[in-house]
Every structure is written in C-alpha cells, then in structure tokens.
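Remarks on the structure that follows.
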Number of protein chains: 2
Amino acid sequence: MKHIAILGFGVVGQGVADLLTKNAKEVKALIGDDVNIKYILDLRDFPDSPFADRVVHDFNVIKADDGVDAVIEVMGGSHPAFEFSMDALRGKKHVITSNKQVVAEFGAEMLAEAKKNGVCYHFEASVGGGIPVLMPIIEILRHNKVREVRGILNGTTNYILTKMFTFGDTFEDSLKDAQAKGYAERNPDADILGIDACRKIAILGGLISGVSVMPDLIHTEGITAIRAEDVALANQNACAIKLLGRAITEADGRIMLMVAPFLIDADAPLSGVNGVYNAVEVIADPVDNVMFYGRGAGAGPTASAVVGDLCRCFTEATHTAPFAFEKKSEMLADFSAFTCRHYVATSACLCEVKKAFGEVTVLSEGKELAFLTGEMTEKAFADAAATLGDKVLSHIRKLA
Amino acid sequence: MKHIAILGFGVVGQGVADLLTKNAKEVKALIGDDVNIKYILDLRDFPDSPFADRVVHDFNVIKADDGVDAVIEVMGGSHPAFEFSMDALRGKKHVITSNKQVVAEFGAEMLAEAKKNGVCYHFEASVGGGIPVLMPIIEILRHNKVREVRGILNGTTNYILTKMFTFGDTFEDSLKDAQAKGYAERNPDADILGIDACRKIAILGGLISGVSVMPDLIHTEGITAIRAEDVALANQNACAIKLLGRAITEADGRIMLMVAPFLIDADAPLSGVNGVYNAVEVIADPVDNVMFYGRGAGAGPTASAVVGDLCRCFTEATHTAPFAFEKKSEMLADFSAFTCRHYVATSACLCEVKKAFGEVTVLSEGKELAFLTGEMTEKAFADAAATLGDKVLSHIRKLA
C-alpha cells in the first residue's frame, strides 16, 4: 500500500482524489500496489466529502508521518507550498505538483533537494495542464538541439483573443464573457497581464537550457492593450494575434525569454489554436518543429498529469527528472537585443513614420496608419517609437 | 562501447548514421558509452560514404556477431525485415525500427519475442516520423480511458489535399505537383490509396487496445475519388477534407478501425494541419483531447525518433514497450455498424434523395445536388445509396 497526502483540496486536489478513486484498478495494475489517500491538508473542512475523515489542518502531521510515500502539492502560490514541499523532500517523500508559481521560482532548489534525498520532484501538470509536454520535450532533448520552445500557455487569454477575433468584440467585453463562463477569475490580472504564462515559459526555458531564471526578470506583456482595431487589421492580413511565451537558445549559450502578444501568419501551426486550448511548439534539429496541443487547465486534465507523475514515482527507478535547473539569472539574454518585425498603428503621417523607422510596409491608411517595420532590435524600435511619442496607438511584435 | 548494425542504408539509414556521428557527444552523455556503427547491411556498396568499410551484404554476419547490441531496421517492407528482426531478437539484440509495415503486420510476434529474450523492440518512428506519439500515448494510457485515437497519418495525401484546397487544383494535378516536389513516389499507390495510413492506424489501434489486427482487414479508402467540386463545396461550408485513420474503442471492448477521407469542421484541431505535416489526436478521460503535431517523414525527423528509441534501449532497465499486441482479428469491430453523417453529391433530384435517405441537409443545388445525411450506419447508407445507383457522384463521411 502506497500512502499519499494531498496538499490543497480545491478543484485540482478533488480531481486527483476522484481520479485515484475512479481508476484505482488501473493505477494498481500499473504500480503493483494500492494507493491510499491518507491525508488531505486544507484550512477548510469537507464534511460532505467521502474524504472528510482524511482532512487535517496542520502540515506537521504529514511531515512527521514516515509512512507517507508521496505528497501531491496542489495548493498554488509559492508559500507555504515551497516550505511544505522542501520538508516533504527532506523526509524522503516524493513530491508532485501542478503549481507553476512554485516550480518557476523554486524548481532549482527542489530538484536539488529531491536528488539529494533520492526521491522525485515531478511537475508535468505545471505547464499545459493535461497535455504531455515536459516528458516529450525531455525525450526530444535527448538527441536534438533545441532552438526554441514557444507556446500559447494560458487558456484564459487565448479564449479572450479568440473571442475578439471571432466576434470583433473589445478586450473588455471579451474579458467579461470569459469571467461569466468561468474561464477568467474575478481578479484576472495573473492571466491577462501575462504573469501565468511567464511562470510557464520560465519552466520551459529551464527545461531546455538547464538554467533557472526568476520570472520577475523576464520581459512580460499581457493582452490588455490589444484593440479591436488591431484585431480587425490582423484578420484582414491573414494573421492571428496570440499571447506567446518564447524561450530561445542564443548562440552564446544564454537563453532569451519573453511573454508578449505576437502577430502570427494564419498558416503557422500556433495560429489555429483557439479558445481555452494551449499548445507548445518545439523547434529543434533534426526533428524540425513539433507541437503538443490540448486543454491547458481544468480538474480532469490537470489531475491526469498529476496522477501520471505519481505513477512514475513508483514505477521508475527512483530518481529526479533527467535534468536540473541551475539558478543563474545572468544566463538570461538581454531582451533589448531581441530582433523581430513590429506592427505599429499610429496617428502620425507616413513621412513622420519613415523618418523614425525608415522603409516600412504599410498595412492600412485612413483614420490611423498601420505598418510593419523591418527587422529591428527592441532597443532600435524603442528609440524610433519614442520619436513618435503618444502618436503610437498600438505595437505588436510579428512572429517571423 | 555499444555496437550497432543498421539494416538498410537509404534515406533514413543514412540519417541515423549522420545523427549518431554529429551528436556522438550528446548520445554518449546520455547512455554513458560510445555508439559504434559496426555494420551497415545493404545490397549496394557505398564507396564514397564515410561508412563504406562497415557495409556488408549478408545478414548472417550480423546475426552471428554476439558483440552487436542493437539492430536498427530501416529497410522497409515486411520481408526479410521480419525474419532479420526476429533473428536479432532471438540473439538478444535490441531492435529499433521505422518500418510501419512490419510493425503493423508482425508487431505482436516481435514484441513477444523481445519480451522472451529480455530485449527491446521499439518503433516510435513508425507513426508520425519524428513526432513523439507512441510514448506520450503510453503515458496518457497509464491512467486515462482512451475513447479514440485519430490522425492525419500520411504527409503525401495531406499535401495533395492541401494543394487542392488552396488552389482549387484537381487530384491529378496535385499528385503531379507532389511527385515533382519529391513528396510522392513515382508509384504513389501506398500513399494515395490509404495503405500507409492503414498500417499506422493498425499500430495505434494496437497501442490503445492491446489487440493487433492485420491491416488488410481494416476498411481503407484513399483520396483518389475526391473531386475539385467536393473541395469547393467543403470550402464554402467551412470544412476541410482530411484523410483520417481512426481507432475507436467500442463499448463491448472491440476496436473500430478505418482509414477514409472525412469532412472536418474548420474549428476542429485536425482541420488546420496542412501540407506534409502529420498530427495524431487522442481523446480520453479525463485528459480530454490532446494532439501531437509535426513532420511525419523525412530523414532528420525519422532519425531523431530512431536514435531516441536506441538511447532508451540503453538507459532504461531492459524491457520491451509497456504493452503487448495480441493478434486477435476477431476483436475488430464490424465496420458496417460504424455510424456518422455522410456528404453526398448526386445527379439525382431532391425527391429521389429524400426517398432514399429521408430528411437531408441540402448544401447546394445546381448542376448537381449536394447534401448531408443524418447519422446513419455504413450499412444503412450503402443500402440507401444503392437505390440511387450511379447517380451518386461523390461520398465523403463527416467527422462529428
């Protein structure tokens, strides 16, 4: 009998408990043993739950119990998730998490602690929900040189953008609709400001580079500045606008990380990923480009990934993930050197634009002027845009 | 030092040799040992190749050499690939293959033989080229109930269909273009008649059901009957036409397998997979739908999957894949009971159509009448269509 504790009995925690109960037979066939949910840690009580008698309010009960083989941390937030997880690892308990914030900020420490104690620290569910993303990338990494990992990493913002594209709605109306449907929280900042996507790209960047960078150092833009006019123009030019996380391997070994909206040509694989779906694209030699697609959130998909990780703890020779994050923020490439084409909408005239940006590709003229610059660094773009001041109405980067 | 033999030195075999040479350092770091290509089996000589001195013409040389740890079979065709692979497995050599035909027809026997001898039989490259497909599905299978696996499994036909959709070209012209570009062979039958896709869906069906069915028992249609008129009408109705392989788990435990063109709504994830790309979609509880996308062929991607499998042989505790195919053609569900909506173009009038099919959804009237039936079994459809005789100009199933 394997004994586990679930930290946090919200949507995901209950999904995990349900899946372990419903598929107990399959899990037993796989790991050769029953799994017993011995403890559920939550501040609340759940008198109507079939697991009511497992609920404890003090983590020390779990920490002190050497009979607990694995801890499933699905409480969210960095603290006390970090401290509880470290305590569990030190006590030679496997830790599985869906908590992207704690992995992005403290994955390096926890992977090291897990290794020291000969137990696993797994976090497949922290990126892309139920989609197998991290394990396939590790497979690809074995014998490919990864040039870039990029993805639509947040379902809420993708739902909002899809709504804006399909119905021509404004950002504000689309956000309200997402909240009404339960896809966005009442305080939607972590999603719409790109913070959630930033944590995920920090994790993916760590995976392909071995280098862990604190999320708050990563250039992060959300989707709040995207206007219905930009969407209409993108549509006319056979483009989508998607909030992308990108992790690019630089020639000097550093890693370029960012979260920002990008204009994407309609024939690029990521452009067709709509609604609450997520997708992660890997570009590597020699495998070329490969994409993983699915539901990035929700109790069922997330629980699927968590239980998959749990089984792996018991079926594989005990080990940590086949990689480590080394915390080295100096390996983050300088965003001001990032180069791409830029879409701009402006109230300036074409002569002012040409003076600032040189030759541009005009997309539309009329009430406002919209154009694409040539390839420019962030720094060069910022300098040029500054000369137009508040005549810059909108700015979105273009995916090459 | 690990010694390997490559059977067949065509595009894939050379890709494997190149990748092992180019990434020798990465492979060594991973498996903790050098990999030496000891033999290359081919009927031809390759005097200008850096591997010229490894070429042998007689498989018995490889078979007799107990120093060979693994055999990479990339010769294609069932015979003598099957016999050579079985000999290698009996000699306790791991076998890795990209050869879908031999896996589809004899995977059951070879997995059993591998298990008996404590070695691996891996075939990730046989479906989806370089895309990690089989391993992620095995991961998902661990604790999900898979309802269906379906996919665009053949890049040649997808290229032809994409060409027809983008330019309104006929099938014949699009095939010629694919041949000119090297995407279709001079004898394109295995691709355009669905035979290649059929072998792959047989493998995927085996994976999710554990049951192996001989490919020639699977209902298989190609794309040769698709007309420019059908494509135009699909376009008008916001649909794509894709050649799909489908493996559906039936309630009674049997498995429904098929290859046929399907009309797909434009917002379905598979509809946006264009050109030579492949994609495999898995629909399962609780993970919902997940899709894997990438290049389904080519030396680089295929070699990536083959070398991944090779590394796995040496890094994991020696074992076969965590599943077996049991050869049981009686577990194939009866295709005549398969149910879906059907698109039909006909020279019959609406009254004849209603007499045959009952109420239908008319898509266009004019030179010919095009309509969608309600949900009907294959048998009911065939009976109804028979009453219209050669007035049925085209018939394509609709993906629900």
Describe numerically, in nm with one decimal, the distance between label points set 7 Å from Cα along Cα→Cβ at B:MET214 and at A:ALA64. 6.7 nm
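For the protein assembly as shown, what is the calculated [θ] at 222 nm in deg cm²/dmol (nearest 500), taking -39500 (n - 2.57) for each run of four or more DSSP H residues and dividing by its residue count?
Helix contribution divided over all residues of the protein assembly as shown: -11000 deg cm²/dmol.
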On C-alpha positions alone, give me the angle between the axis of helix B:100-117 and the longest principal axis of chain B, in degrees, nearest 10. 40 degrees
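Rank these for me by crowding, B:THR315, A:THR220, going from fewest to most other beta carbons within 10 Å.
Placing the least packed residue first, the sequence is B:THR315, A:THR220.
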Keeping to pairs on different chains or 8 or more places apart, tell me how many lysine pairs in the stretch A:308-382 have Cα atoms under 30 Å apart. 7
Of B:CYS349, B:CYS120, how do they rank once you tally other Cβ atoms within 10 Å and put the fewest first? B:CYS349, B:CYS120
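Count, for each residue of A:133-143, the Cβ atoms from other chains sitting within 10 Å of its Cβ, then give me the mean as a whole number.
6
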Within 10 Å of the Cβ of an average residue in B:280-288, the count of other chain Cβ atoms is 6
How large is the charge dipole for chain A, taken about the Cα centre, if only the Cβ atoms of Lys, Arg (+1) and Asp, Glu (-1) carry charge, to the nearest 20 debye? 440 debye
Considering only the label points, 7 Å along Cα→Cβ from Cα, what distances in nm to one decimal separate A:PRO47 from the same position in each other copy, shortest first? 9.1
16 Å Cα-Cα reach of A:LYS93 towards aspartates and glutamates, excluding residues that sit fewer than 8 places from it in its own chain: A:ASP65, A:ASP66, A:ASP69, A:GLU73, A:GLU83, A:GLU109, A:GLU113, A:ASP309, A:GLU316
Please report the spacing between the Cα centers of the stretch B:366-400 and the stretch B:56-70 in Å, no decimals. 55 Å
Label distances, nm, B:GLU229 versus same residue in remaining copies, Cβ-directed 7 Å point: 4.8
Defining the label point at 7 Å along Cα→Cβ, can you sort the distances from B:GLU359 to the same site in each other copy, shortest first, in nm? 6.1
Between B:THR224 and B:LYS327, what is 0.36 nm times their sequence separation minus the Cα-Cα distance? Round to one decimal in nm. 34.0 nm
Cβ nearest the rotation axis (A onto B), residue from chain A and distance to the nearest whole Å: A:GLY272, 2
How shielded is A:299-305 by partner chains, expressed as the average number of their Cβ atoms within 10 Å of its Cβ atoms? 5
Debye, to nearest 20: dipole size of the stretch B:134-294, +1 on Lys, Arg Cβ, -1 on Asp, Glu Cβ: 340 debye
Candidate lysines - alpha carbon under 29 Å from A:LYS181, same-chain residues fewer than 8 apart omitted: A:LYS22, A:LYS100, A:LYS163, A:LYS200, A:LYS242, B:LYS145
Just flag the trypsin sites (Lys or Arg not before Pro) in the stretch A:1-74 sitting in loop per DSSP whose Cβ has no more than 14 other Cβ atoms within 10 Å. A:ARG44
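Values quoted throughout were computed directly from the atomic coordinates according to the rules given, and no laboratory measurement underlies them. Model, not experiment: these values are computed from the prediction. Neighbour counts are summed over all protein chains in view; Cβ atoms, including those assigned to glycine, are modelled from backbone coordinates with ideal geometry.
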